1. Residue A:65: over 30 Å from residue A:109 (Cβ atoms), more than 12 Å from DNA strand C (Cβ to nearest atom) and not assigned by the TED database to the domain that holds residue A:110, yes or no?
2. I want to confirm something. Restricting to region A:40-66 and keeping residues that are out of contact with any helix residue (DSSP H, G or I) (no Cβ under 8 Å at 6 or more places or on another chain) and not in a helix (DSSP H, G or I), which single residue is farthest from residue A:86 (Cα to Cα)?
3. More than 24 Å from residue B:27 (Cβ to Cβ) and either modelled with pLDDT of 80 or more or within 11 Å of DNA strand C (Cβ to nearest atom) (or both): does that describe residue B:76?
4. Residue B:119 passes all but one of (1) modelled with pLDDT under 75; (2) part of a helix (DSSP H, G or I); (3) over 26 Å from residue A:107 (Cβ atoms); which number fails?
5. So, in region A:24-54, how many residues would count as being away from DNA strand D (no atom under 12 Å from the Cβ) and more than 14 Å from chain B (Cβ to nearest Cβ)?
6. Looking at (1) within 14 Å of DNA strand C (Cβ to nearest atom); (2) surrounded by 16 or more Cβ atoms within 10 Å (Cβ to Cβ); (3) more than 14 Å from chain B (Cβ to nearest Cβ), can you tell me which one residue A:17 breaks?
7. Report yes if some residue within region B:20-27 is assigned to a helix (DSSP H, G or I) and at pLDDT 95 or above; otherwise report no.
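The values are calculated or read from the model by the stated rules, or taken from the named source; none is laboratory data. Nothing here was measured: the structure is a model prediction, and the numbers come from that model. When we count neighbours, we look across all protein chains shown, and the Cβ atoms used for this are built from the backbone with ideal geometry, even at glycine.
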DNA sequence: TTTACTGCAAATATTTTGCAATATC
DNA sequence: GATATTGCAAAATATTTGCAGTAAA
């Protein structure tokens with residue numbers, strides 16, 4: 001991620017914490033920084049591993065707490081694509097692509113589609129204030145389709 | 001659900017079981033029938049409760065197994081909107097609406113949008129065979145927006 | 001007759017919670 | 001100094017698995 005973008009969204013995080021009178025702890029910023037280092041999806045386990053690698057230990061309780069705060073702040077998106085674990089992604093990434101989910105192997109491919117994004121922006125709904133969108137397209141990836149054809153099922 | 005529609009999708013289920021050489025058990029059809037009685041989303045617990053009410057006991061293992069079969073058959077859609085439990089819905093319903101998910105209270109409202117459906121039908125993706133899609137619009141429902149405004153947060 | 005399917009119970013995995021200690025404001 | 005936040009461990013919850021018995025093909 002560009003340093004400029006990182007600085008911008010970090011400022012949004014600080015702004016949110018101030019506004020909600022939440023504390024600016026070292027743990028929260030360390031977790032936030034690590035999240036920004038992921039190029040795409042991640043789960044709690046991956047996040048925890050990365051933090052341990054950097055010798056910054058945080059408890060599971062704090063991880064979940066911080067993720068809740070970031071989701072509430074609108075900076076991180078929660079994806080429940082596979083049953084478990086829940087996957088997360090930076091909102092600035094999620095907004096620009098849709099997700100192709102293979103119903104056979106569970107693999108997820110991201111697809112940029114700015115036209116669709118524009119369509120979504122124009123969506124008007126009564127008694128509801130849209131914040132962001134997630135479009136999941138379920139189907140067969142090419143590998144699984146090939147396997148199914150070969151097995152004749 | 002209309003009797004005609006029920007008969008049609010039940011036939012599709014039978015066709016799928018035959019094609020995959022899976023067995024046509026009483027449990028599978030009882031579960032399928034109960035699913036068709038739900039007007040919208042349901043989870044494993046709700047499904048189990050309804051079956052018990054009708055004095056048809058099935059084990060959790062069978063419930064999960066049958067749901068997997070129905071999802072594989074493309075007759076039921078799996079929604080992972082809340083962390084747990086996983087929610088399901090008949091595919092014929094899911095295709096015709098998008099989901100408005102409140103980020104505050106978790107409430108889900110369904111919105112019919114046939115224009116969007118047409119857009120999705122036209123979606124072409126390389127090395128991927130789309131089967132169905134789910135569009136989740138996250139945001140604030142009117143109740144939560146009102147509460148937030150009153151609390152001044 | 002073969003073996004896929006079922007029920008039950010135990011195992012697994014993730015997320016949540018309670019509480020004492022700590023650090024932010 | 002008040003209290004939000006943290007870490008740890010235990011609890012809660014959903015889903016999966018192993019295995020013996022049952023029933024569909």
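1. On the way: over 30 Å from residue A:109 (Cβ atoms): yes; more than 12 Å from DNA strand C (Cβ to nearest atom): no; not assigned by the TED database to the domain that holds residue A:110: yes.
No.
2. A:55
3. So residue B:76 does not fit the description; no.
4. (3)
5. Residues of region A:24-54 that are away from DNA strand D (no atom under 12 Å from the Cβ), as a first pass: A:33-47, A:49-50, A:53-54.
Add one more test, that the residue is more than 14 Å from chain B (Cβ to nearest Cβ), and what stays is A:33-40, A:42, A:45-47, A:49-50, A:53-54.
So the answer is 16.
6. The failed condition is (3).
7. There is at least one residue in region B:20-27 that is assigned to a helix (DSSP H, G or I) and at pLDDT 95 or above.
Conditions (1) within 15 Å of the chain's Cα centre (by Cα); (2) under 19 Å from residue B:110 (Cβ atoms); (3) crowded, with 18+ Cβ neighbours inside 10 Å, marked per residue:
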{"residue": "B:4", "(1), (2), (3)": "no, no, no"}
{"residue": "B:40", "(1), (2), (3)": "yes, yes, no"}
{"residue": "B:46", "(1), (2), (3)": "yes, yes, no"}
{"residue": "B:54", "(1), (2), (3)": "no, no, no"}
{"residue": "B:79", "(1), (2), (3)": "yes, yes, yes"}
{"residue": "B:88", "(1), (2), (3)": "yes, yes, yes"}
